[in-house]
Amino acid sequence: MSNEPYEEKTMRIHLDESLCSGHGRCYTLSPELFEADAEGFPVQRGQDVDVPEGMESTARRAMDNCPEGAIRDTSA
């Protein structure tokens, strides 16, 4: 058993550019985390995003509603 203090990890998600086809559910359902570019794709496409504390359920809502499964939790 470690004596080091427990550190809660920040949730991190990745929006896979090769899977995203621009349905827009992420920025429609979770505008606090995602925004659209001029072509209707999320600006965060192809990026890792640190989810602010307290917004994990918002990130999960986007992940659960992406028809392509392009958003995944990479916090592990």
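The values are calculated or read from the model by the stated rules, or taken from the named source; none is laboratory data. These numbers were taken from a predicted model, which means no experiment stands behind them. Backbone-built Cβ (ideal geometry, glycine too); neighbour counts: all protein chains shown.
Would the range 18-36 turn up any residue that is part of a loop (DSSP other than H, G, I, E, B), of a type in the set (Phe, Trp, Tyr) and either in contact with a strand residue (DSSP E or B) (Cβ under 6 Å, 6 or more places away or on another chain) or modelled with pLDDT of 95 or more (or both)? So far as the range 18-36 goes, yes, one or more of its residues are part of a loop (DSSP other than H, G, I, E, B), of a type in the set (Phe, Trp, Tyr) and either in contact with a strand residue (DSSP E or B) (Cβ under 6 Å, 6 or more places away or on another chain) or modelled with pLDDT of 95 or more (or both).
Residue check: Arg60 meets all listed conditions (1) at pLDDT 95 or above; (2) in a loop (DSSP other than H, G, I, E, B); (3) of a type in the set (D, E, K, R) but one, namely (2).
Out of the residues in the range 41-76 that are of a type in the set (A, V, I, L, M) and farther than 15 Å from Gly24 by Cβ, state the one that is surrounded by the most Cβ atoms within 10 Å (Cβ to Cβ). Only one residue tops the list, namely Ala59. In the range 8-37, of all residues being basic (Lys, Arg) and touching a residue at least 60 places away in the same chain (Cβ under 8 Å), the one that is surrounded by the fewest Cβ atoms within 10 Å (Cβ to Cβ) corresponds to Lys9.
When only residues in the range 37-54 that are within 10 Å of the chain's Cα centre (by Cα) and part of a loop (DSSP other than H, G, I, E, B) count, which is modelled with the highest pLDDT? Break it down into steps so the answer makes sense when it comes.
Filtering the range 37-54 for residues within 10 Å of the chain's Cα centre (by Cα) gives 44-45, 47-51.
Filter again for part of a loop (DSSP other than H, G, I, E, B), leaving 44-45, 47, 51.
On the way: Gln44: 92, Arg45: 93, Gln47: 92, Val51: 96.
Across the range 37-54, the extreme among qualifying residues is Val51.
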